[in-house]
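Novice: Take a look at the following structure, please.
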Amino acid sequence: MTPLELAEKYMNCVFKTRDFEELKTILSDDLQFGGSFYNFESADQYINSLRNDPPEDFEYEIIKRYADTSSACLVYQFSKPGVSTCMAQVFETTDGKISRILLIFDTGAFPSDYKGRIKGAPP
């Protein structure tokens, strides 16, 4: 799969089907995930977090897709009750799997106590 196909499959697994077994097949075991609310250092750590605290119901609409031979970027409008913001995720790939994800968004779009309500979020 191309980096863009991997990124789109990731979005489908996490946000639509919630098929975490399928997700595991496209993530490197040593996945590095960085974001404003979460940071993970392995695919298992990330997937366990998703299983323990699944994403709330929300919608997203892809605005732009960018890719080269080893990475892809998806820019999308994210919305759920009380929150609407533009997000971007950069996916780096190694050996046909996603090895690094960087999630970028304005945390100010979320309620001020949001991070405290997330199970497993760093302090």
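Novice: What residues have an amide H closer than 5 Å to that of ARG100, excluding those fewer than 5 places away on the same chain, when H is modeled at 1.01 Å from N in the peptide plane?
Specialist: Hits under the 5 Å cutoff: GLN32, GLU92.
Novice: Just want to confirm a number: the relative contact order over the chain, from Cα pairs under 8 angstrom separated by 6+ residues, in percent. List each step's numbers first, then the result.
Specialist: Details: 220 pairs, mean separation 33.2, N = 123.
RCO, the chain: 27 percent.
Novice: Something else: Let me check I've understood the local charge: for SER79, count other residues with C-beta under 14 angstrom from its C-beta, Lys and Arg +1, Asp and Glu -1. What total comes out? Kindly include the intermediate steps, with their values, before the conclusion.
Specialist: Working: positive: LYS80; negative: GLU56, ASP57, GLU59, GLU61, ASP106.
Neighbour charge sum, excluding SER79 itself: -4.
Novice: Name the residue, out of SER99, SER28, SER79, whose mean-square fluctuation peaks in a Gaussian network model built on the chain with Cα pairs under 10 Å.
Specialist: SER79
Novice: Once you have the alpha carbon radius of gyration of the chain, what is it after dividing by 2.2 N^0.38 Å, with N set to its residue count? Can you show the working numbers first?
Specialist: On the way: Rg = 13.8 Å, N = 123, 2.2 N^0.38 = 13.7 Å.
Here the answer is 1.01, to two decimals.
Novice: Could you work out which residue, out of TYR76, TYR46, TYR66, moves most in a Gaussian network model of the chain, that is, has the largest mean-square fluctuation with Cα springs under 10 Å?
Specialist: TYR66
Novice: Would you kindly derive the ³J(HN,Hα) couplings of the range 41-48 from the backbone phi angles with the Karplus curve 6.51 cos²θ - 1.76 cosθ + 1.60 (θ = phi - 60°), listing them in order in whole Hz, with x for Gly and Pro?
Specialist: Residue by residue, the range 41-48 yields 10, 7, 5, 4, 4, 5, 5, 4 Hz.
Novice: Under a GNM of the chain (C-alpha, springs under 10 Å), which listed residue has the highest mean-square fluctuation: ARG51, ARG18, ARG100?
Specialist: ARG51
Rule-based calculations on the coordinates, nothing more; no lab input. It should be emphasised that the depicted structure is a prediction, and the values quoted were computed from it without experimental measurement. Methodologically, a virtual Cβ is constructed for each residue, glycine included, from the backbone with ideal geometry; neighbour enumeration extends over all protein chains shown.
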